[in-house]
Amino acid sequence: MRVYLETCLELPWNTSSKERLDLGRAEKILNRDHYGMEKVKARFLETLAVRKLSDQATGQIICLVGPPGVGKTSIARSIAEATGRKYVRVSLGGVRDEADIMGHRRTYVGSMPGRIMAAVKQAGTNNPLILLDEIDKLGQSFKGDPSASLLEVLDPEQNSAFQDHYIDLPFDLSHVLFVTTANDASAIPGPLYDRMDVITLGSYTAEEKFHIASKYLVPKQLKKHGIKAAQLRFTPKALHAIIEDYTREAGVRTLERTIGTICRKVARRIVTEEDFKSYSVKPADLEDLLGPAKFAKDKEERRDEIGLVNGLAWTSVGGELLPIEVAVMNGTGKIQLTGSLGDVMKESAAIAVTLVKELYPEKAELFAKNDLHIHVPAGAVPKDGPSAGITLVTALSSLVSGKPVNPEIAMTGEVSLRGGIMPIGGLPEKLMAAQRAGVKKVYIPKDNMPDLEDVAAEVKEKLTIVPVKKITDVLKAEKVMA
């Protein structure tokens with residue numbers, strides 16, 4: 001009972017930190033700490049403006065969705081500083097017990113408040129910024145569903161009288177600014193997703209990574225390794241080479257680690273060489289410092305080949321170029337699929353074969369007396385989704401017509417049994433992957449045109465983006481169909 005009373009008395013029932021509502025100062029702090037991320041910054045400045053106009057504004061709960069390493073967690077800390085709120089991070093990764101969120105009832109031995117009340121107590125104010133990290137990694141077990149417990153916490157209409165099982169008294173959470181983060185929005189339960197204002201953060205472009213590296217990562221790593229700015233300098237060409245040839249990711253974590261590796265090697269030279277003055281990292285030095293390039297440019301390797309077409313895939317760490325290969329050999333009309341494909345992609349392949357048989361009726365004998373083999377490298381990486389439909393049809397058409405498809409084009413889109421091209425997800429990441437791989441032209445579904453607004457300007461400048469409605473438009477444009 002004494003522990004319970006002490007816990008209740010330690011909670012900040014009436015203690016609030018003074019919120020700073022200076023938009024100019026907040027914008028300066030956000031721009032100082034993060035490059036780009038305009039959508040997120042604008043959204044928080046709008047929230048701040050509303051708070052300035054109305055005391056009653058409780059605001060929506062914001063969920064930042066994006067690949068690892070793009071700065072979701074770190075921007076929450078900057079927002080807390082900009083608004084003058086206390087910052088508390090609650091990690092939800094692997095939480096499987098409902099009591100972790102709602103607390104244990106006092107009748108249990110070792111009972112204690114849940115993570116939300118513990119975070120409020122830690123902050124010492126009733127209006128902190130609470131970051132609920134990795135909300136998509138919540139688990140379920142026989143002990144209940146923690147995501148269901150969060151429904152009350154993350155609802156501005158209900159959380160003004162949140163009741164933790166341990167505290168057993170209503171506590172007002174409506175003044176708390178909740179920010180949640182997730183890598184995969186599809187893993188968040190529907191009712192929980194519906195309560196949040198979702199902002200999607202895309203992958204960084206090569207140019208954005210360069211600015212982040214030169215403005216933030218290099219100074220941070222130099223300071224961390226005790227190296228003065230005059231002792232080690234990275235040339236712009238060297239940073240571009242590190243980004244292109246040594247790190248291929250959506251965020252900048254590997255890039256930061258790679259810069260750290262170079263700093264450690266130079267730190268050793270500073271300590272061991274008596275006459276060391278300064279060192280400038282140039283592209284020619286990277287092989288000595290980091291070994292051979294991990295991502296050798298594959299632009300030179302591509303050549304015209306019958307039955308080989310570039311698709312585009314979305315992964316949780318950004319987009320990827322996905323070449324699809326088709327071969328034919330004597331047989332009895334069987335179809336073989338390899339490349340660790342999921343059920344949806346197998347169905348796409350079946351639709352593609354049926355569609356090509358309809359488009360090329362004069363080649364019926366080729367399908368009847370031969371076996372088809374469809375392969376999607378790399379074989380060890382699981383792949384799924386319907387967006388390879390357009391690529392599968394084009395690759396099969398190339399094989400049937402005996403005409404190669406230009407290796408400098410790529411495509412993405414789901415194909416229907418009638419040959420229509422339907423919209424797909426992850427377009428900004430896919431176009432970024434195409435531009436990075438040296439592709440010149442990309443076919444996309446016409447219904448995905450509104451998504452081009454989210455694509456970086458530098459990516460759109462370097463690509464010819466062709467919206468298409470029917471698969472025959474692609475086949476005729478690439479001259480694999482008369």
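The values are calculated or read from the model by the stated rules, or taken from the named source; none is laboratory data. Computed from a prediction, not measured in an experiment: that's the story for all the values here. Here the Cβ is made from the backbone with ideal geometry for all residues, glycine too, and neighbour counts use every protein chain on show. Protein only, heavy atoms only, side chains kept; ligands, DNA and RNA dropped before computing areas. Shrake-Rupley method; radii C 1.70, N 1.55, O 1.52, S 1.80 Å.
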Is it the case that region 378-385 has a residue that's of a type in the set (Asp, Glu) and in contact with a helix residue (DSSP H, G or I) (Cβ under 9 Å, 6 or more places away or on another chain)?
-> yes
Within region 120-135, the residues that are open to solvent by 20 Å² or more (accessible area, probe 1.4 Å) and under 26 Å from PRO68 (Cα atoms) are GLU134
Options ARG43, ARG85, ARG51, ARG96; residue that is open to solvent by 40 Å² or more (accessible area, probe 1.4 Å), touching a helix residue (DSSP H, G or I) at 6+ places or on another chain (Cβ under 9 Å) and either touching a residue at least 40 places away in the same chain (Cβ under 8 Å) or part of a strand (DSSP E or B) (or both) | ARG96
Which one is least open to solvent (accessible area, probe 1.4 Å) among residues in region 206-231 that are in contact with a helix residue (DSSP H, G or I) (Cβ under 9 Å, 6 or more places away or on another chain) and not in a helix (DSSP H, G or I)?
-> ILE227
Test: residue in region 308-325 that is within 22 Å of VAL381 (Cβ to Cβ), of a type in the set (D, E, K, R) and surrounded by 17 or more Cβ atoms within 10 Å (Cβ to Cβ) = yes
Qualifying positions in region 171-213 - among the small types (Gly, Ala, Ser) and more than 22 Å from the chain's Cα centre (by Cα) | SER174
Tally time: how many residues in region 401-414 are touching a helix residue (DSSP H, G or I) at 6+ places or on another chain (Cβ under 8 Å) and open to solvent by 10 Å² or more (accessible area, probe 1.4 Å)?
-> 2
Based on what the data block shows, is CYS8 surrounded by 12 or more Cβ atoms within 10 Å (Cβ to Cβ) and over 23 Å from ASP194 (Cβ atoms)?
-> yes
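Each row is one residue, and each column tells you yes or no for (1) of a type outside the set (Val, Ile, Thr); (2) free of Cβ contacts under 8 Å to residues at least 12 places away in the same chain.
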position	(1), (2)
LEU5	yes, yes
GLU19	yes, no
GLY24	yes, yes
HIS34	yes, no
VAL65	no, no
PRO68	yes, no
SER91	yes, no
Among the residues of region 146-200, how many are hydroxyl-bearing (Ser, Thr, Tyr) and assigned to a strand (DSSP E or B)?
-> 3
Looking at region 439-482, which of its residues are open to solvent by 10 Å² or more (accessible area, probe 1.4 Å), modelled with pLDDT of 85 or more and part of a loop (DSSP other than H, G, I, E, B)?
-> LYS440, LEU463, LYS469
May I ask you to verify whether VAL271 is more than 23 Å from HIS34 (Cα to Cα), at pLDDT 90 or above and open to solvent by less than 40 Å² (accessible area, probe 1.4 Å)?
-> no
State all residues of region 318-359 that are in contact (Cβ under 8 Å) with a residue 12 or more places away in the chain, closer than 18 Å to ILE424 by Cβ and not small (Gly, Ala, Ser); if no residue qualifies, say none.
-> GLU320, LEU321, LEU322, PRO323, ILE324, LEU341, ASP343, VAL344, MET345, GLU347, ILE351, LEU355
Picked from region 242-254 (must be at pLDDT below 90 and over 16 Å from the mean Cα position of the chain (by Cα)), the residue nearest to GLY438 (Cα to Cα) is GLU244
Top-ranked residue of region 349-366 - restricted to ones that are open to solvent by 10 Å² or more (accessible area, probe 1.4 Å) and within 41 Å of the chain's Cα centre (by Cα), ranked as nearest to LEU337 (Cα to Cα) = ALA350
Could you check how many residues of region 307-334 are assigned to a loop (DSSP other than H, G, I, E, B) and modelled with pLDDT under 85?
-> 6
Of the conditions (1) touching a strand residue (DSSP E or B) at 6+ places or on another chain (Cβ under 7 Å); (2) within 15 Å of MET411 (Cβ to Cβ); (3) open to solvent by 20 Å² or more (accessible area, probe 1.4 Å), LYS346 clears all except one; give me its number.
-> (2)
Hits in region 423-482 (condition: among the small types (Gly, Ala, Ser) and either in contact (Cβ under 8 Å) with a residue 40 or more places away in the chain or more than 19 Å from VAL393 (Cα to Cα) (or both)) | GLY425, GLY426, ALA433, ALA434, ALA437, GLY438, ALA456, ALA457
Scanning region 189-205 for residues that are open to solvent by less than 10 Å² (accessible area, probe 1.4 Å) and closer than 20 Å to ALA434 by Cβ gives THR205
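Among the candidates GLU157, GLU152, single out the residue that is modelled with pLDDT under 85, touching a Phe, Trp or Tyr at 6+ places or on another chain (Cβ under 9 Å) and open to solvent by 10 Å² or more (accessible area, probe 1.4 Å).
GLU152
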